[in-house]
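Take a look at the structure below.
The values are calculated or read from the model by the stated rules, or taken from the named source; none is laboratory data. For clarity, every value in this text was computed on a predicted model and none was experimentally measured. Please note: Cβ atoms are built from the backbone with ideal geometry, for glycine as well, and neighbour counts cover all protein chains shown. Areas reflect the complete protein model, heavy atoms only, side chains present, ligands, DNA and RNA absent. Shrake-Rupley method; radii C 1.70, N 1.55, O 1.52, S 1.80 Å.
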Amino acid sequence: SHELLKTESAVPFAQIEEVLLREDQWMGEFVHTRQDGRRITVLVRKSLDRDPQGHPRMVLETITDITQRQAAEAALRASEEFKRSVIESSPDCIKVLDLAGRLLSLEAGRELLGLADVTPLLGQPWVDLWKNEDRAAAQAAVVTAAAGGEGHFVGFFRTFDGHDKCWDVAISPIRDAHGQPARLLAVSRDVTERRAAEQALHDSEARFRAAVGAVSSLIWTNNAQGMMEGEQVGWGSFTGQSREEYQGHGWSEALHPEDAQPTIDAWEQAVAERRPFEFEHRVRRRDGAWRICSVRAVPVCAEDGAIREWVGVHTDITQSRELEASLFARAEELAQADRSKDEFLAMLAHELRNPLAPLRNAAEILQAAGVSAEERAQAQRIIVRQIENMSRMIDDLLDVSRITEGKISLRKKPVALEAILTAATSLARSGCAAHGQELSVTLPPEPVWLEADATRLEQVFNNLLTNACKYSGDGSHIALTAEVVPGSTPGAREVVVSVKDDGTGIDPELLPRVFDLFVQATRALDRAHGGLGIGLTLVQRLVKLHGGTITAHSDGLDQGAEFIVRLPILRVAPPPLPPPAPVAQEVPRRILIVDDNTDSARSLAILQKRRGHETRTAFTGPDAVTAATEFRPEVVLLDIGLPGMDGFEVARAIRAMPALSGVLLIAMSGYGRDEDRAEAKLAGFDEYLVKPVDLEQLRTWLRARK
């Protein structure tokens, strides 16, 4: 198999063999060129299996396409690096404006503005933030930049925490692909303290003037003994401490209580040893927020080597630390998502293979000679049951995807709770009986009406009852109870439905994640309970779509479990429904069945013949067009994925035939998304069936056909 990989950096097989013999496993990444010419990155894992005497027996190899994962990781790293560079590279307030000067985003400097939430300002004229006397200069700078030049001005406006600040502002155009200004980048530097320092300290404190306007760096001095004295403009403006408050070791009062004494101890030791001081601690900003600061101080010595003073710098690294934590959390999320994906794919393969064995066995029974009527009936029941199992798993996967993307719509109407629960329990009773379980049902004495999709709610409670049957063990007790209670608003009521068992319970570590996607109580190889780990996720989201909630409770393993669903109920019972319309009799039809899966087409044709219809089959797109011309069907069941011509092309060709203007076109597909149905409608299809075909729905459409 090593020779099958067409790679640009293949490792010599002898080298791989040497590693396998020594370590029993080998792993490597390669760039592989597929037969279609596309280059992908693959991860190859090899492991050596030995016999009981330790001799090599076989090599197990897996090849995984990691192209998309690597691309996603690279994109994430690039995005995070860009954000980090914007945040860390500048102490300025950075904004993006449109060409008219309206604020589009605040990229950095929200703390400088004392701004908790920038959302209310988005779309507002940025010029309006400035004091009246500076608005003209601000507008002129915007106009200059919008015309392609570089705008600049110095002005004042009051920050949102009540401080008048002076800002040095530069505005430059952000150009589009054609070199034309598309947006504006406004970089504002707070120069308030710098201007004040220039006036107060003059040349003797010139070393502070550049640092006063910095957002995250505070420059300060201490005397030779390590005590703060004199005017510390940056420290005072950042912490809000007055000169009297930060004198000596008073600056430690601005530190977090947990950090103050360790900082003083480390600082005094550095002063005594006459060495540079480095530390990290939390400093309270003047608005009360705690900021993580990195501190470095060095001694300034006279010509004779004696320490004259200490110069230190505080750098606000809060955003850096938060970004590091965010990246770490994101990396852990990606790792967990990757693990969940691998586990889910393994489960999916297992669960989809499981029905194949009974299906194959049932097929062998039906083909065998001398099969009794009971054996034939049993084989038929096996086939129906396993097809239903596979369909249910696929439907659950599609439902979770649709709900997650917001593409599922409920068909709500007034329904009786009793009817929903009765249908759900009737489906669960056979499973309970097989395990010797007792299922009790307690319903409210009065009728309870819901505005709901009956099919979806039946799915919710059937899932909860099925889980209780699976996990509570043989001979357990399962109780379904429903009770009407007051709602959260005056006059409102809701129904509380509980599914409780006294079985295996839920591990306390699992309980908070029991509704997460792909989460199951066990990953053991025996897979005793089966399933894909999506049932409770689907239940939770369906309940939420009905305006309700669901919670899970368990005292631990072997302590049983309870799931509680709360749903709003109608305040007024709906009027009685009119009597059902008489069922139309089935009329023989000419039906053309087109599917490249010949077994599927022929078996469906047999079923329709048994119902009295005349059928014709075709297995390619061109053959379907020919058969439609010759057979002139009244109904066409048409697969979408066909060789030669796809189902959409065939549908358009049939619609163009005058002799078949009234034909009923029904699409058959393994895809069931809303966009797939919409595309079929545009191609001329009247109806849409998701495989496996719902035969009762097809029968209903044929009866209704005029």
Item to check | Relative contact order of the stretch 619-687, pairs being alpha-carbon contacts under 8 Å that are 6 or more residues apart, as % | outcome: 35 percent
Checklist entry - If you roll a 1.4 Å probe over the heavy atoms of the protein chains, what accessible area per residue do you get for the chain, in Å²? => result 55 Å²
Item to check | In range of the label at Leu356: residues from the stretch 668-698 whose backbone nitrogen is under 20 Å from the point 7 Å along Cα→Cβ | outcome: 670, 692
Checklist entry - Taking the Cα centre of each part, how many Å lie between the stretch 601-628 and the stretch 413-476? => result 40 Å
Checklist entry - Mind checking the angle between helix 621-631 and the chain's longest principal axis? C-alpha axes, 0 to 90 degrees, to the nearest 10. => result 40 degrees
Checklist outcome for this item: Looking only at aspartates and glutamates whose Cα falls under 13 Å of Lys131's and that sit 8 or more positions away or on another chain, we get Asp164
Checklist entry - Taking the Cα atoms only, what angle lies between the long axis of helix 674-683 and the longest principal axis of the chain, rounded to 10 degrees? => result 60 degrees
Item to check | nm² value of the averaged projected area, convex hull over the Cα atoms of the stretch 33-169 | outcome: 16.4 nm²
Checklist entry - Expressed in whole Å with the largest first, what are the equivalent ellipsoid semi-axes of the stretch 423-507 derived from the C-alpha gyration tensor as the square root of 5 times each eigenvalue? => result 26, 14, 12
Next on the checklist: Would you report the distance distribution of C-alpha pairs in the chain as whole percents per 10 angstrom bin, up to the bin with the largest distance?
Outcome noted: 2, 9, 13, 15, 16, 16, 13, 8, 4, 2, 0, 0
Item to check | Within the stretch 217-243: backbone nitrogen closer than 18 Å to the Ala196 label point (7 Å, Cα to C-beta) | outcome: 217-221, 229-243
Checklist entry - Which value in nm describes the separation of the simple spin-label points at Leu366 and Asp558, placed 7 Å from the Cα toward the beta carbon? => result 4.6 nm
Checklist entry - What percent does the relative contact order of the chain come to when contacts are Cα pairs within less than 8 Å and at least six residues apart? => result 5 percent
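Provide the gained length on full extension for the span Ala136 to Glu332, in nm with one decimal, where the gain is 0.36 nm per separating residue minus the Cα-Cα distance.
65.5 nm
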Checklist entry - Which whole-number percent gives the relative contact order of the stretch 551-706, counting Cα pairs below 8 Å spaced six or more residues apart? => result 18 percent
Checklist entry - Based on DSSP, what percent of beta bridges with both residues in the stretch 534-671 are antiparallel, to the nearest 5? => result 25 percent
Checklist entry - Separation between the Glu258 and Arg77 pseudo-spin-labels, each 7 Å from Cα along Cα→Cβ, expressed in nm? => result 3.3 nm
Checklist entry - How large is the helix-only mean residue ellipticity at 222 nm for the chain, computed as the sum of -39500 (n - 2.57) over DSSP H runs with n ≥ 4, divided by its residue count, in deg cm²/dmol to the nearest 500? => result -12500 deg cm²/dmol
Checklist entry - When the accessible area of the chain is split by element with a 1.4 Å probe, what percent falls to carbon and sulfur? => result 53 percent
Checklist entry - When the chain is fully extended, how far beyond the present Cα-Cα distance does Ser488 get from Glu451, taking 0.36 nm per residue of separation? => result 11.6 nm
Checklist entry - In this model, which of Lys95/Lys165; Lys470/Lys544; Lys609/Lys691; Lys412/Lys691; Lys412/Lys609 are farther than 27 Å apart at the alpha-carbon? => result Lys412/Lys609
Checklist entry - With every protein chain in place, what's the accessible area of Glu696 (1.4 Å probe, Å², nearest 10)? => result 110 Å²
Next on the checklist: Can you give me the angle between helix 67-89 and the longest principal axis of the chain, using Cα atoms only, in degrees from 0 to 90, rounded to the nearest 10?
Outcome noted: 20 degrees
Checklist entry - In the stretch 115-163, what trypsin sites (Lys or Arg not before Pro) fall in a loop by DSSP, with at most 13 other Cβ atoms inside 10 Å? => result Lys131
Item to check | Set of the stretch 618-648 residues, backbone N closer than 15 Å to the point 7 Å along the Cα-Cβ line of Lys609 | outcome: 618
Checklist entry - Extent of the stretch 463-510 along each principal axis, from alpha carbon coordinates, in Å, largest to smallest? => result 43, 25, 16
Checklist outcome for this item: Over all viewing directions the Cα convex hull of the stretch 576-704 casts an average projected area in nm² of 8.8 nm²
Checklist outcome for this item: By the C-alpha gyration tensor axes a ≥ b ≥ c (rounded if a/c is under 1.5, else prolate when a/b exceeds b/c, else oblate), the shape of the stretch 102-194 is prolate
Checklist entry - Rounded to the nearest whole Å³, what is the per residue volume of the convex hull around the Cα atoms of the stretch 20-87? => result 124 Å³
